[in-house]
Amino acid sequence: MNNNKVKNEIEKLVSQWSADYQAAGAPVVKRIIELINKGVWPSKAINQALAESNFFGEINNNLKETLFKAAAKGYGITPEIITAVKKAEIINKLVNLPWAADKMPLSKRLHGTESVMRGQIVNTIRDNMKSGTNIIKLSRDLYEGYDHNRVIKPAELPKYIKQAVKLKQEINAMRNAGTLTPAAEKAFKKVLDFADKQIEELKTRPLKAAFRELLAKVKDGTDEALQKAAWVGVQEKSRYYAERIARTETARAWSDGFYAETYDDETVIAYKWQLSKAHKIFDICDFHANADLYGLGKGIYPLNSTPPHPAHPHCTCMLTAVYDGELDTKRLNKQVQKNGNKYIESLTKGERLKIQSLE
């Protein structure tokens, strides 16, 4: 199979999984905001939304489907032709057989990751709400520290700023009590718009900047900010942990299928390590792909001497088969340590440290 085609297929699988993750997360975000606006405590709202949606169950099932497709593609067959029974058997092995250095199967790894992801979502939203519910303190902190001579004091804040701060407190109270109405939100927006216009007309630039900063803090606690925090928590911060597993495990599932297809093929005499097109940062994969450890050429390894694949979290590098006749096996050199040192000596000090930190 064409190597570029293989790389594109693997990246496509991971991209599809990521899209499925976002689709599963969208209703969770919406439900979290609904519950918080009804006065439910953030951590409880998040747990309830996750449970109602079976969010983790859905993304884990999507991951299993992705691993199955990767294994099938690595083996060189179309996933759709595999029977349901055989598919279940393959998925069971991919999920329950430990393969990484820590000997932890994917099933256990996913369970631990769920707790981390849940904590990330809770912390992101809770931090946002903290910044949005103590506007008076923020205004005091800002103005008590404004200018070393304290020219402006909290009592001297203009009426439109005081009104915005006061109304924000009322909006927060109504939101927590579940009594917030569209009319109240409309009135609050009107006050903010008026304050914006008044600040824009100020001539003193330091004062203008200070008032803008305070008004920005007042605005931070709006539904838009809460929605953004929920989205970031569910879609970005938590997704990092899930995507780290998805990328690494998809590459591993692909290599499982690849080994199954090629290892017993008598015409395959070696494997070549190919850097992923997404590979941007120098790491241990550069060593695997560029060191000529066995004298067969850069990144080429005898069948029983291929480095563990994937090499590190997020690794999506590939292996390709080297067939009989494509290289001179008489060149085989088993002075691996010497050859490895030769490559390492050609690197910069920074590159050596990066390799050592990821081995």
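The values are calculated or read from the model by the stated rules, or taken from the named source; none is laboratory data. Bear in mind that the values here come from a model prediction, so they are computed numbers and not experimental data. Cβ atoms come from the backbone with ideal geometry, glycine included; neighbour counts cover every protein chain shown. Quick note on the areas: whole protein, heavy atoms, side chains included, nothing else; ligands and nucleic acids left out. Shrake-Rupley method; radii C 1.70, N 1.55, O 1.52, S 1.80 Å.
Before moving on, here are some points about what is shown:
- Filter on 103/354; 162/228; 64/87; 69/93; 64/86 - keep pairs with C-alpha separation over 18 Å: 103/354; 162/228
- Efficiency of FRET between residue 170 and residue 212 - r from beta-carbon atoms, R0 25 angstrom, step 0.05: 0.65
- Ranking by accessible area, most exposed first, for 208, 168 with a 1.4 Å probe: 208, 168
- Computed 3J(HN,Hα) for the stretch 313-321, one whole-Hz value per residue from the Karplus formula 6.51 cos²θ - 1.76 cosθ + 1.60 where θ = phi - 60°, is x, 6, 5, 10, 5, 10, 10, 10, 7, glycine and proline marked x.
- Residue-level accessible surface for residue 346, protein heavy atoms, 1.4 Å, Å²: 80 Å²
- Scattering profile of the stretch 62-118 at q = 0.18, 0.24 Å⁻¹ [log10 I(q)/I(0), Debye over alpha-carbon scatterers]: -0.67, -0.97
- For the stretch 267-278, the Karplus equation 6.51 cos²θ - 1.76 cosθ + 1.60, evaluated at θ = phi - 60°, returns couplings of 7, 8, 10, 6, 10, 10, 7, 10, 5, 5, 5, 8 Hz by residue, with Gly and Pro reported as x.
- Pair residue 324, residue 11: separation of 7 Å Cα→Cβ label points (nm): 3.5 nm
- Sequence of 320, 83 when ordered by accessible area, the most exposed leading, probe 1.4 angstrom: 83, 320
- Within the stretch 228-359: Cβ-based charge dipole about Cα centre, in debye rounded to nearest 20 (Lys, Arg +1; Asp, Glu -1): 760 debye
- Cα-based shape type of the stretch 1-121, given that a ≥ b ≥ c are square roots of the gyration tensor eigenvalues and the cut on a/c is 1.5: prolate
- Here the extension length gained between residue 80 and residue 100 equals 4.4 nm, from 0.36 nm per residue of separation less the Cα-Cα distance.
- The amide H of residue 323, built 1.01 Å from its N in the peptide plane, has 269 as neighbours under 5 Å, considering only residues 5 or more places off or on other chains.
- Most to least accessible of 17, 41 (protein chains only, probe 1.4 Å): 41, 17
- Inter-centroid distance (Cα atoms) of the stretch 325-351 relative to the stretch 42-120, Å: 38 Å
- Loop-located GluC sites (Glu not before Pro) across the stretch 229-311 with a Cβ neighbour count of 14 or fewer within 10 Å are 266, with loop assigned by DSSP.
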